[in-house]
Amino acid sequence: MNTSAIRELFPILHQEVNGHPLVYLDSSATSQKPVSVIEALKTYYEFDNANVHRGVHTLGSRATDAYEGARAKLARFIGAKSEKEIVFTRGTTTAINLVASSYARSVCGEGDEIVITPMEHHSNLIPWQQAAKATGATLKYIPLQPDGSIAIADVEKTITSRTKMVAVAYVSNVLGVINPVKEMAAIAHKHGAKILLDGAQSTPHMKVNVQELDCDFYALSGHKMCGPTGIGALYGKKALLEQMEPVEFGGEMIDHVDLYESTWKELPWKFEGGTPIIAGAVGLGAAIDFLNDIGMDEIDKHDRKLAAYAVERLQAIEDVTIYGPLQNRTGLVTFNVGDVHPHDVATVLDAEGSRCGPATIAASRSCAG
Amino acid sequence: MQLDDLYRRVIMDHYKNPRNRGQFGEGESVAIDLNNPTCGDRITLQMKVKDGKVEAAKFVGEGCSISMSSASMMTDAVKGKTLDEALQMAENFSGLMKGEHPEFEYEDIEALSGVSKFPARIKCATLAWNALRKGIDQAKGQGEA
């Protein structure tokens, strides 16, 4: 991989911070954008901007083609069966909330169980807390091994015939660990439960195939995979999305409107009330092209090489504690330096020109934010 | 922007050897809990207030060098001050964080002036002072009641 040529494609990296060339280490919070994504947004606004799915004019068709073209690209990128299974959302959080507010509330009742893990990001925790409260279901946690990984035996023990929903990160934003989600999906399905994968940290760094994983739902964010902020998506198996009620109502999502009753459009549009995030989707399409040009297998390989290097060098420093398993992890490495507060470490690194994620570093101490 | 401006010796001294760390017995004081959800910093501030004066203040908490040293200095500085004097000090501290140069009788506080050049860290330094403001409000409320 020609990393210096790729680095050249990111305009934001062509600057100095505090007198040092910028090294950006906070991609797990949000990634930087290559020039092709920035250009795609600019071109869309300069030449094609119009509302979608209705204009009988040229720009309207162009905008619709661009928006739906991005959906088809994303469907191929994550291995969905059809683009009808891709709902555009504001990001991973909105995608998970859609499932928690619609699907989970329709299938969960008193005594049922929703199963998650202690390593979940707040976006894959709070929606389930709320769904459990609203339905009387019990929220259960699969315990973690001392190194932060998930043991299949614990998954087997935690998921029962009362479990209706399992939600877990494919890759943890706290520990960088890649979870055994395919095995977890099989166990969930054995008990008749559905599984949602939080794909915010996995989609940018490895080849994802939702059909191979056999997950029921998959949530992702555009801004973590070189795309713009404000766009993300929910993948759902067609049969499940079809049985789900929308949670947002208004224009763009209706089929037929009467004074007292209305009907919804077919998939995926019934979940996309209001003018959608058109430019965001176009930008996400450009980001997918960018990642595909490099190749997800190449990115995965490079990531693991970097992670192994980072772990090796950090281990050589006295007083540095690394969190999470040393194997089977992505390029996200969480550590503490002795008893120095992570905020102080991040400030020192920032003064040297590297943008580090204090939230991610702090996560090892207090939260999964 | 120099790191030395941020991590002055006096700040590190308050961080390593915090003054007034601990808690009073229950019911003896006004108590305020504050946290900073973005970084997980937490402080519980207790103040003994009598006749409109802060007799003593103590804190417990968890956080970075800036937030904890600031709490250490603040609890020392307000000792013996009237509530209004303490509030004025909190105002002056806000000024310090904006790059102004107010004078403090408790001079150690001025070492925190460097924080104003690190916008991401201002909320660390102000956590204890925001707790102080809430404590003053609470004490004044109790005085009126």
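Scanning region B:103-116 turns up one or more residues that are within 12 Å of chain A (Cβ to nearest Cβ), in contact with a helix residue (DSSP H, G or I) (Cβ under 7 Å, 6 or more places away or on another chain) and either closer than 21 Å to residue B:141 by Cα or at pLDDT below 95 (or both). Looking at B:19, B:9, just one residue is charged (D, E, K, R) and touching a helix residue (DSSP H, G or I) at 6+ places or on another chain (Cβ under 7 Å), and that residue is B:19.
Residue by residue, here is whether (1) assigned by TED's automatic domain parsing to the domain that holds residue A:78; (2) hydrophobic (A, V, I, L, M, F, W, C); (3) without any contact (Cβ under 8 Å) to a residue 24 or more places away in the chain holds:
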| position | (1), (2), (3) |
| --- | --- |
| A:287 | yes, yes, no |
| A:311 | no, yes, yes |
| A:334 | no, no, no |
| A:339 | no, no, yes |
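Scanning region A:216-245 for residues that are hydroxyl-bearing (Ser, Thr, Tyr) and under 14 Å from residue A:196 (Cβ atoms) yields A:218, A:235. Looking only at residues of region B:1-43 that are assigned to a strand (DSSP E or B) and within 14 Å of another protein chain (Cβ to nearest Cβ), we find that the one that is nearest to residue B:54 (Cα to Cα) is B:43.
Would you check if there is a residue in region B:136-143 being within 15 Å of residue B:56 (Cα to Cα) and either more than 14 Å from chain A (Cβ to nearest Cβ) or modelled with pLDDT of 95 or more (or both)? Yes, region B:136-143 has at least one match.
Quick test for you: out of B:132, B:87, pick the one residue that is modelled with pLDDT of 95 or more and either touching a Leu at 6+ places or on another chain (Cβ under 6 Å) or surrounded by 21 or more Cβ atoms within 10 Å (Cβ to Cβ) (or both).
Working: B:87 fails: either touching a Leu at 6+ places or on another chain (Cβ under 6 Å) or surrounded by 21 or more Cβ atoms within 10 Å (Cβ to Cβ) (or both).
After applying the criteria, what remains is B:132.
Taking only region A:15-39 into account, find how many residues are modelled with pLDDT of 95 or more and either among the small types (Gly, Ala, Ser) or farther than 17 Å from residue A:287 by Cα (or both). Explain how you work it out, then say what you get.
Our first condition is that a residue be modelled with pLDDT of 95 or more; within region A:15-39, this holds for A:30-39.
When the remaining residues are screened for being either among the small types (Gly, Ala, Ser) or farther than 17 Å from residue A:287 by Cα (or both), the result is A:31, A:36.
Matching residues across region A:15-39 total 2.
Of all residue pairs spaced 6 or more apart or on separate chains, those with beta-carbon atoms under 6 Å, a first member in region B:33-47 that is closer than 21 Å to residue A:346 by Cβ and a second member that is part of a strand (DSSP E or B) and at pLDDT below 90 are B:42/B:35; B:43/B:34.
Is it the case that region B:21-32 has a residue that's closer than 22 Å to residue B:107 by Cβ and not hydroxyl-bearing (Ser, Thr, Tyr)? Among the residues of region B:21-32, at least one is closer than 22 Å to residue B:107 by Cβ and not hydroxyl-bearing (Ser, Thr, Tyr), which makes the answer yes. Pairs are defined by a Cβ separation below 8 Å, a sequence spacing of at least 6 or placement on different chains, a first member in region A:57-85 that is modelled with pLDDT under 95, and a second member that is among the polar types (S, T, N, Q); the pairs so defined are A:59/A:49; A:60/A:51; A:63/A:49; A:63/A:51. Candidates are the residues of region B:24-50 that are surrounded by 18 or more Cβ atoms within 10 Å (Cβ to Cβ) and more than 15 Å from residue B:128 (Cα to Cα); the one that is modelled with the lowest pLDDT is B:29.
Restrict the check to region A:47-70 and report whether at least one residue is closer than 21 Å to residue A:196 by Cβ and within 21 Å of the chain's Cα centre (by Cα).
Residues of region A:47-70 that are closer than 21 Å to residue A:196 by Cβ, as a first pass: none.
No: region A:47-70 contains no residue that is closer than 21 Å to residue A:196 by Cβ and within 21 Å of the chain's Cα centre (by Cα).
Taking region A:310-348 as the range and being over 24 Å from residue A:170 (Cα atoms) and part of a loop (DSSP other than H, G, I, E, B) as the test, the residues that pass are A:316, A:317, A:318, A:319, A:338, A:339, A:341.
If you go through region A:103-129 and keep only what is buried (at least 21 other Cβ atoms within 10 Å of the Cβ) and under 15 Å from residue A:241 (Cβ atoms), you end up with A:103, A:104. Among the residues making up region A:82-116, a single one is among the aromatic types (Phe, Trp, Tyr) and in contact with a helix residue (DSSP H, G or I) (Cβ under 6 Å, 6 or more places away or on another chain): A:88. All conditions in (1) in a loop (DSSP other than H, G, I, E, B); (2) over 17 Å from residue A:185 (Cβ atoms) hold for residue A:123, with the sole exception of (1). Considering only residues in region A:173-200 that are modelled with pLDDT under 95 and part of a loop (DSSP other than H, G, I, E, B), the one that is nearest to residue A:91 (Cα to Cα) turns out to be A:173.
The values are calculated or read from the model by the stated rules, or taken from the named source; none is laboratory data. Everything numeric here is computed off the predicted structure, so don't read it as measured data. Glycine also receives a Cβ, built like all others from the backbone with ideal geometry; neighbour counts cover every protein chain displayed.
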